[in-house]
Amino acid sequence: MARKKIALIGAGQIGGTLALLAGQKDLGDIVLFDIPQAEGTAKGKALDIAQLSPVAGFDANYAGSSNYKDIAGADVVIVTAGVPRKPGMTRDDLVGINAKVINAVGKGIKENAPDAFVIVITNPLDAMVGLMQEVTGFPANRVVGMAGVLDSARFRLFLAEEFKVSVQDVTAFVLGGHGDTMVPLIRYSTVAGIPLPDLVKMGWTTQEKLDKIVQRTRDGGAEIVGLLGNGSAFYAPAASAISMAEAYLKDKKRVIPCAALLNGEYGVKGLYIGVPVVIGKGGVEKVVEVSFNADEKAMFDKSVAAVKSLVEATKKIVAAG
Ligand code: LMR
């Protein structure tokens, strides 16, 4: 069977980590793409990882390029192009620069990799993935945003630390937009299948501690931005996107939260926002609609409103060229 092809648009910190993880997971051959000014970085990282492959024991061809033609035939395209935020900024502050980047990248993908499954990581995530779908014109099941997997991984880690149990035994869902209004769902998060509210009743933790963990999850990206001082998280975002690519390429039917285009689900139409979806060879094969109580619905609605206003801002930026 021919190896699959994975194109990574953006050869920064996340791009390099994606390239490494994709090889280690035997996902296929990798093209690391960046603009001509950063072609050396793309080629250098590609060659460096290729030279790691004999030590790590995997077979994959690596190439670096600044020519969109080199992404031709890609099965999966993962987009990290754009700029990260700096300490003190919100993700939304990036919309002015990154909307223009995504507009250009979307055209390159449309022309050169028309059959690809596209995963967007660039912030502000929900608005950027919506723009990508609009520019490429690809069916919505083939364009998704990476956010919920990452936010849920942070929530799971903090819960595992609180309960002093393996991260493997913690499940958690964070829905809504990938911004300050994200919605970590306590009721749908569990330790070994036991919902968090029951663990409070059992006296294993307190509501106050859970509330702090929820807030730390919401601030998870900013915490890393503050620590790094010059850039944003890259290991966990890359691993999250790779899990989505793997679910697609291996038809795993994973149920994971991603930014997906809603078409009436959750009472929302025509907007990308984080919800649980099934990812398999058909891309987003199903949007899973969980029921909300009044508080959860209010949080989700607030998040929808925040994403809608960013989408409006994005439209204006693109229209102004
Ligand atoms: C993250 O959550 O780590 C990313 O969205 C990057 C950021 O700016 O926080």
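The values are calculated or read from the model by the stated rules, or taken from the named source; none is laboratory data. Because the structure is predicted, anything quoted here is derived from the model rather than measured. FYI the Cβ positions are ideal-geometry reconstructions off the backbone, even for glycines, and counts take in every protein chain you see. Only protein heavy atoms, including side chains, enter the accessible area calculation; ligands, DNA and RNA are left aside. Shrake-Rupley method; radii C 1.70, N 1.55, O 1.52, S 1.80 Å.
What the table shows:
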{"item": "Elements of type helices (runs of 4 or more DSSP H) contained in the stretch 100-212, each with 2 or more residues being among the hydrophobic types (A, V, I, L, M, F, W, C), under 22 Å from Val288 (Cβ atoms) and open to solvent by less than 10 Å² (accessible area, probe 1.4 Å)", "result": "125-136, 148-163"}
{"item": "Answer from Ser152, Ser166 - the residue that is within 20 Å of Val183 (Cα to Cα) and of a type in the set (S, T, N, Q)", "result": "Ser152"}
{"item": "Selected residue (only one of Leu27, Leu18, Leu32 is assigned to a strand (DSSP E or B) and buried (at least 20 other Cβ atoms within 10 Å of the Cβ))", "result": "Leu32"}
{"item": "Leu227 of a type in the set (A, V, I, L, M), outside the structural domain of Ala99 (by the TED database) and either open to solvent by less than 50 Å² (accessible area, probe 1.4 Å) or in a loop (DSSP other than H, G, I, E, B) (or both)", "result": "no"}
{"item": "Only listed residue being aliphatic (A, V, I, L, M) and open to solvent by 70 Å² or more (accessible area, probe 1.4 Å), chosen from Ala2, Ala7", "result": "Ala2"}
{"item": "Matching residues, the stretch 87-99, being open to solvent by 20 Å² or more (accessible area, probe 1.4 Å) and more than 16 Å from Gly321 (Cα to Cα)", "result": "Pro87, Gly88, Met89, Thr90, Asp92, Asp93"}
{"item": "Yes/no for Val95 being out of contact with any Asp or Glu (no Cβ under 7 Å at 6 or more places or on another chain), among the hydrophobic types (A, V, I, L, M, F, W, C) and within 16 Å of the ligand (Cβ to nearest atom)", "result": "yes"}
{"item": "Unmet requirement for Gly64, which otherwise passes all of (1) outside any helix (DSSP H, G or I); (2) under 30 Å from Arg218 (Cα atoms); (3) open to solvent by less than 20 Å² (accessible area, probe 1.4 Å)", "result": "(2)"}
{"item": "Test for Lys302: is it more than 15 Å from the ligand (Cβ to nearest atom), surrounded by fewer than 20 Cβ atoms within 10 Å (Cβ to Cβ), basic (Lys, Arg) and farther than 17 Å from Thr181 by Cβ", "result": "no"}
